[in-house]
1. Solvent-accessible area per residue for segment 1-111 at a 1.4 Å probe radius, Å²?
2. Could you tell me the distance between the Cα centroids of segment 4-56 and segment 67-92, to the nearest Å?
3. Would you pull out the residues with amide H under 5 Å of Phe77's amide H, same chain only if 5 or more places away, H placed 1.01 Å from N?
4. Could you give the nm distance between label points at His74 and Asp8, where each point is 7 Å from its Cα heading toward the beta carbon?
5. Once you keep just the Cα pairs under 8 angstrom separated by 6 or more residues, what percentage relative contact order results for segment 21-115?
6. How large is the convex hull of the Cα atoms of segment 1-55 per residue, expressed in Å³ as a whole number?
7. Can you give the accessible area of Glu9, probe radius 1.4 Å, in Å² rounded to 10?
Amino acid sequence: MKILIIDDEPTLASVLCQQLHQVGIRDCGFASGAAEGLDLLMADPGINLVISDVVMAETDGFTLRDSLAESFPHVKFIFISGYDLSDYAERIGNTALLMKPVDSQLLIATIGEVAGIFPEVGSAPSAANPTPRAAPSPA
């Protein structure tokens, strides 16, 4: 399972990747915006799950999900947001939504539901892949 977290708060995305790594999800990268996320998806079509903020500077998560659906039909989405999105239920559709600050246990459970994987909580990181992969910082 390869996971990409897209959030224009790179610190949050990095922390989420570290939390996932600690429970056995070893292939997690992050991007600090939609354009960078799209570049990473194009470079690695093996990404299975995108966890994306809904409200970002470049574009919103809804538009990103919808634009990727045709080119990457295998990619599943989870939205995260710090805003009340109750007026956007139709745009959210069947995509899981977690509120910031994201609880790591809830995130793990949601990944299990959406992607069908259930990592063991507390499992040790693999020596073969000791740290999450990060996208390059914007210049």
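1. Values: 5150 Å² over 111 residues.
I get 46 Å² per residue for segment 1-111.
2. Between the Cα centres of segment 4-56 and segment 67-92 lies a distance of 14 Å.
3. For Phe77, whose amide H was placed from the backbone, the distant partners under 5 Å are Val50.
4. 3.1 nm
5. 23 percent
6. Taking the convex hull of the Cα positions in segment 1-55, it is 63 Å³ per residue.
7. About 90 Å², ignoring ligands and nucleic acids.
The values are calculated or read from the model by the stated rules, or taken from the named source; none is laboratory data. Quantities reported herein were computed from a predicted structural model and do not represent experimental measurements. No Cβ is skipped: glycine too gets one built from the backbone with ideal geometry, and neighbour counts run over all protein chains shown. We work out accessible area using only protein heavy atoms, side chains counted, and drop any ligands, DNA or RNA first. Shrake-Rupley method; radii C 1.70, N 1.55, O 1.52, S 1.80 Å.
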